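Participant: After the structure tokens below, expect a handful of questions from me.
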Amino acid sequence: QKQSGSHAQYRAFDKCSIDKFEVEGPCMQRGICYLYLKRVGTDDWRPGWAKVLSKHQNGVLVAASDMFY
């Protein structure tokens, strides 16, 4: 899901935008220790931070990790 003021073609991790990704599977039942983001391209831009949330069975989202910088 892309949250941005722009209606341009979607590109993950654009500057000044928030990107949300939902991941499901058995690996998500444990705590998150690492977050790897692969940079592709020639610019030097990187995400300033990333936050991982976990959805409980009742649908409530809670922080699953500290902030990744």
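A short reminder: the numbers here are calculations on the coordinates, not readings from a lab. As the structure is a computational prediction, the values presented were derived from the model and not from experiment. Here the Cβ is made from the backbone with ideal geometry for all residues, glycine too, and neighbour counts use every protein chain on show.
Participant: Sorting Met67, Met28 on the 10 Å Cβ count, fewest up front, what's the list?
Facilitator: Met67, Met28
Participant: Using Cβ contacts closer than 10 Å as the measure, can you line up Asp43, Asp19 from fewest to most?
Facilitator: So the ranking, lowest neighbour count to highest, is Asp43, Asp19.
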